[in-house]
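> Below you will find the structure I want to go over with you.
The values are calculated or read from the model by the stated rules, or taken from the named source; none is laboratory data. What you see is a predicted model, and the numbers here were worked out from it, not measured in a lab. We place every Cβ from the backbone using ideal geometry, glycine too, and count neighbours over all the protein chains shown. Just so you know, the surface numbers come from the protein's heavy atoms only, side chains and all, with ligands and any DNA or RNA stripped out. Shrake-Rupley method; radii C 1.70, N 1.55, O 1.52, S 1.80 Å.
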Amino acid sequence: MALPTRTAPVPGDTTTPHGSWLMLAVLLLGQFMCIIDVLVTNVAMPSIAASLHASGASLQLVVGGYTIAYAMLLITGARLGDRYGRRRTYLAGVLIFTTASLACALAPDSQALIGFRLIQGAGAAVLVPQVFSIIQLNFTGPARARALSAYAAVLSAGAVTGLVLGGVVVTANLFGTGWRPVFAINVPIGIVLAAAVPRLVPPDETSTGAPAAGRAGQPDLAGLAAAVGAVLLIVLPLVLGREEGWPAWCFGCIAAGIVLATGFVLIERRVAARGGDPLLNLAVLRAPALPSGLVTLAATQIAYGGLLFAYTLHLQAGLGQSALRAGLSYLPFATVFGLAGYNSRRLPAAVRRVLVPGGLTVGILAYLALAEGLHADVGVLTWAGLAAVGLGLGLAVSPLLTQSLTHVPAARAADASGLLTTTVQLSQLLGVAAIGSVYLSRAGSGPGHAVTSAAALSGTACWLAALSAVGLLAAAVMVRRA
């Protein structure tokens with residue numbers, strides 16, 4: 001059963017087919033701007049440290065602060081769009097993100113940069129969920145499949161582009177400003193988006209500022225507090241734990257976060273049972289393919305985030321490559337991923353039905369090829385394995401999103417969007433923390449570091465293959481239920 005879509009335009013909606021694709025371009029540009037900022041600072045860390053005299057902990061928070069705020073507020077951002085209008089909320093997110101980006105570029109010290117990165121992440125959390133919801137409500141049939149293919153390509157290729165862009169910008173050292181253009185580049189993009197959104201994105205039924213039908217109750221403040229607290233307690237130790245030596249407070253915080261997450265579920269059920277407006281309506285999980293789809297998505301994104309982190313460290317710390325060369329090393333991966341993701345919709349329907357397990361199978365073989373081909377330098381088998389990982393992800397991600405949402409009603413679009421985007425972000429962060437720790441624990445330092453780093457990454461690639469196998473099992477369940 002396909003997702004329900006509106007059959008007549010809402011009042012004031014004059015979008016033509018051509019205008020719909022212009023609208024999609026505007027939406028995906030905002031999505032892309034936010035996604036690249038997850039990793040664009042990674043290759044800029046040495047420059048930031050030298051310029052601001054930042055400690056290791058401060059650098060961790062410069063990178064992790066954005067991710068923490070982003071992950072904490074994604075579901076809230078989805079609900080704000082559902083309640084007050086997706087176009088209005090998207091525009092507000094653009095303005096917050098752009099202003100915070102300018103502040104980051106002008107930050108006088110590491111403490112200010114950390115604070116502005118938190119605000120930047122909050123702006124992204126307001127902006128990003130609206131993209132998926134607007135696509136669901138404005139595209140149908142083959143047009144929706146094409147739109148979701150483009151969305152999936154931007155979603156997963158954005159982080160790689162962030163690494164490439166960061167390397168290019170830092171190496172260019174424009175006007176002697178070092179790392180600052182990494183953030184300043186968002187400002188003209190944000191200005192263009194702010195001008196284009198009112199013209200190209202149609203209003204929805206809540207754009208007048210009044211809550212949508214069925215959303216007139218009081219905001220779920222208890223659920224919001226529980227969700228924010230749970231994510232913060234779980235994510236912050238994952239970001240800081242390795243640098244701090246994994247002290248007892250890290251595990252205590254994670255345990256408390258899990259307890260609070262359980263409390264969040266109970267709160268949401270109680271609010272829904274009373275006829276209120278829960279932050280996340282858990283009824284969306286009754287869609288047959290969504291739970292197994294979320295497990296599959298989590299497995300792919302944990303592996304994806306872990307690969308980017310570990311392979312970047314191997315290139316820069318292990319092989320001593322420059323930021324530019326390390327960033328450009330991902331171009332074959334990104335190119336294959338983008339082409340495979342966007343063109344997978346051209347395959348016959350019978351093939352598309354099994355693309356998710358097929359893509360994950362390719363990914364497993366690709367990770368094993370990486371494990372076999374890695375050595376002190378980047379060889380042909382390594383390049384082929386990395387490109388094959390991009391092929392597997394490109395084939396799997398777009399149909400994964402589509403099949404996960406097969407039985408989700410349009411009324412639950414915001415809930416599904418919040419779940420999917422939160423799963424992507426938290427899973428990538430978990431990949432950096434967990435898979436990164438596996439690599440770092442084996443990489444060592446000092447003489448022969450290139451060899452030990454390659455051996456560590458080879459072992460890590462085997463863990464990525466095992467993780468993809470878990471995703472393959474969940475994907476088989478999802479395909480049957482979809």
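> Of all the residues that make up the stretch 35-55, how many are of a type in the set (G, A, S), open to solvent by less than 40 Å² (accessible area, probe 1.4 Å) and either in a helix (DSSP H, G or I) or at positive phi (or both)?
Counting residues in the stretch 35-55 that are of a type in the set (G, A, S), open to solvent by less than 40 Å² (accessible area, probe 1.4 Å) and either in a helix (DSSP H, G or I) or at positive phi (or both) gives 3.
> In addition: Mind checking which helices (runs of 4 or more DSSP H) fall wholly inside the stretch 312-417 and carry at least 1 residues that are within 22 Å of the chain's Cα centre (by Cα)?
Here the list reads 323-328, 331-343, 355-373, 380-404.
> In addition: Restricting the stretch 95-149 to residues that are farther than 18 Å from N186 by Cβ and β-branched (V, I, T), which is surrounded by the fewest Cβ atoms within 10 Å (Cβ to Cβ)?
Result: T140.
> Please work out if S322 is within 30 Å of T161 (Cα to Cα), out of contact with any Pro (no Cβ under 7 Å at 6 or more places or on another chain) and either open to solvent by 30 Å² or more (accessible area, probe 1.4 Å) or in contact (Cβ under 8 Å) with a residue 60 or more places away in the chain (or both).
yes
> Now a separate question. L221 is checked against (1) modelled with pLDDT of 85 or more; (2) under 26 Å from I258 (Cα atoms) and fails just one. What number does that condition carry?
For L221, the exception is condition (1).
> Please pick out the residue among V265, V295, V239, V284 that is modelled with pLDDT under 85 and closer than 30 Å to H407 by Cβ.
V284
> Continuing with the same structure: Residues to consider are R117, R144, R88; find the one that is over 18 Å from R412 (Cα atoms) and out of contact with any Cys (no Cβ under 7 Å at 6 or more places or on another chain).
Only one candidate passes the filter, namely R88.
> With the checklist (1) modelled with pLDDT under 80; (2) surrounded by 14 or more Cβ atoms within 10 Å (Cβ to Cβ) in hand, flag the one item A216 doesn't pass.
(2)
> Okay, moving on. Look through M72, M45 and report the one residue that is under 23 Å from L297 (Cα atoms) and at pLDDT below 80.
When all the criteria are applied, what remains is M72.
> Can you tell me which of (1) open to solvent by 10 Å² or more (accessible area, probe 1.4 Å); (2) assigned to a helix (DSSP H, G or I); (3) modelled with pLDDT under 80 is the one G64 doesn't meet?
For G64, the exception is condition (1).
> Only one of V265, V284, V235, V231 is open to solvent by 30 Å² or more (accessible area, probe 1.4 Å) and part of a helix (DSSP H, G or I). Can you tell me which?
The conditions single out V265.
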